[in-house]
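Read through the structure below, which is laid out as structure tokens, and then see the notes.
The values are calculated or read from the model by the stated rules, or taken from the named source; none is laboratory data. Just so you know, these numbers come straight off a predicted model, no measurement behind them. Virtual Cβ from ideal backbone geometry, glycine too; neighbours counted across all protein chains shown. These accessible areas exclude ligands, DNA and RNA; they are computed on the full protein's heavy atoms, side chains included. Shrake-Rupley method; radii C 1.70, N 1.55, O 1.52, S 1.80 Å.
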Amino acid sequence: MSAIPFDPAQADRLPDDLAEAIDRARGRLSRVGAPIVYLPVTASTNDVAARLANAGAGDGTTVVADMQTAGRGRIGRAWFSPPGAGLYVSVVVRPKRAAPAPGGGTMPAVLPLPSRLTLLAGVALADAVRSTTGLPVEIKWPNDVVLAGRKLAGILAEASAQTFGIEYIILGLGINVRVAAYPPEIADRASSLEAELGRPADRGALFAALLGNLGRALDALDRDDVAPWFDRWRVLSPSARGATVEWRAPDGPRRGRTAGLDADGALLVASDRGRERVLAGEVFWL
Ligand code: BTN
């Protein structure tokens with residue numbers, strides 16, 4: 001992350017389709033989307049949002065870019081972010097509940113706050129896509145938004161932890177909106193809303209619905225009222241039950257069948273060792 005502070009004066013006016021949708025939705029937006037910083041191009045909106053947060057930006061500050069030159073995904077992957085093809089969004093989240101900083105281990109006993117946040121954000125994102133496009137997208141644990149085996153959107157939450165707990169979380173969301181020429185390594189696993197719809201998607205309506213849903217998700221997280229969101233997550237994630245998966249446990253590779261989401265947000269997997277809880281890391285769907 002660059003140490004050079006981001007100057008919000010470098011930001012451009014929000015494109016018309018996004019600005020008009022946000023204006024129409026203003027009454028329904030709560031804590032996410034004020035202010036919105038728009039950049040035609042940046043390395044990673046998560047980096048810009050982190051710089052703004054370090055400079056004191058408040059909860060709900062939102063950064064959106066038309067293109068990223070170094071977009072990142074989970075587990076050290078790149079996030080393909082060509083110009084005009086997607087929504088690349090990062091939100092500064094300042095949790096109101098005291099929360100422990102994430103532990104160093106790969107299998108913490110309780111799902112850390114950023115992980116709970118990504119589960120709720122997955123619901124917010126999938127339901128925003130569903131309500132504005134009609135596409136019956138699903139969630140693949142923890143929060144990939146998929147349709148017919150292809151990924152349309154993903155979430156990367158990055159926490160700034162202090163000794164007293166989490167100072168802020170940058171919630172990054174990438175949505176493939178327009179048809180794009182994906183790099184060969186992801187071409188058979190990625191798709192876009194418009195490729196699946198076969199017609200243009202209303203990017204502004206999607207952006208506004210996403211910010212509204214995220215506001216409600218953050219409120220639920222602050223109230224520790226996540227159970228209804230986990231219930232909705234279970235409905236949106238049929239692959240969390242009965243699918244064969246492999247994952248890397250601390251003692252080596254493991255294989256089993258998914259058996260739902262527990263009350264802490266861990267993925268349950270039935271294996272030859274009984275019922276195991278997967279809380280972090282990469283799961284491979286076979
Ligand atoms: C994943 O599924 O691997 C997560 C992808 C997250 C991509 C978004 S795009 C906006 C924000 N900025 C980034 O560099 N990454 C996230």
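Looking at Leu87, Leu29, Leu52, which one is open to solvent by less than 60 Å² (accessible area, probe 1.4 Å) and modelled with pLDDT under 95? Please lay out each step first, then the result.
On the way: Leu87 fails: modelled with pLDDT under 95; Leu52 fails: modelled with pLDDT under 95.
None of the other options fit; the residue is Leu29.
Tell me, please, whether a residue that is modelled with pLDDT of 95 or more, assigned to a strand (DSSP E or B) and either within 18 Å of the chain's Cα centre (by Cα) or more than 10 Å from the ligand (Cβ to nearest atom) (or both) can be found in region 176-186.
yes
Could you list, in sequence order, the residues of region 73-90 that are assigned to a loop (DSSP other than H, G, I, E, B), more than 7 Å from the ligand (Cβ to nearest atom) and in contact (Cβ under 8 Å) with a residue 60 or more places away in the chain?
So in region 73-90, the residues assigned to a loop (DSSP other than H, G, I, E, B) come out as 73, 77, 79-85.
Next, from what is left, pick out any that are more than 7 Å from the ligand (Cβ to nearest atom): 80, 82-85.
Those that are assigned to a loop (DSSP other than H, G, I, E, B), more than 7 Å from the ligand (Cβ to nearest atom) and in contact (Cβ under 8 Å) with a residue 60 or more places away in the chain: Phe80, Pro82, Gly84, Ala85.
Return the residues of region 232-255 that are part of a strand (DSSP E or B) and closer than 29 Å to Ala217 by Cβ; say none if nothing qualifies.
To start, the set of residues in region 232-255 that are part of a strand (DSSP E or B) comprises 241-249, 252-255.
Within region 232-255, Arg241, Gly242, Ala243, Val245, Trp247, Arg248 qualify.
Restricting attention to region 204-225, does a residue exist that is within 16 Å of the chain's Cα centre (by Cα), modelled with pLDDT of 95 or more and charged (D, E, K, R)?
So far as region 204-225 goes, yes, one or more of its residues are within 16 Å of the chain's Cα centre (by Cα), modelled with pLDDT of 95 or more and charged (D, E, K, R).
Give me the pairs: first residue in region 53-72 and more than 15 Å from Phe207 (Cα to Cα), second residue open to solvent by 40 Å² or more (accessible area, probe 1.4 Å) and more than 11 Å from the ligand (Cβ to nearest atom), beta-carbon distance under 6 Å, and six or more apart or on different chains, which are they?
Ala55/Pro5; Asp59/Arg94; Met67/Val41; Met67/Pro83
Do you know which of the residues in region 139-162 that are more than 8 Å from the ligand (Cβ to nearest atom) and of a type in the set (D, E, K, R) is surrounded by the most Cβ atoms within 10 Å (Cβ to Cβ)? So that I can check it myself, show each step before the final result.
First pass over region 139-162, keeping only residues more than 8 Å from the ligand (Cβ to nearest atom): 139-142, 145-150, 152, 157-162.
So of that shortlist, the ones also of a type in the set (D, E, K, R) come out as 140, 150, 158.
Numbers: Lys140: 20, Arg150: 18, Glu158: 18.
Per the stated criteria, the residue is Lys140.
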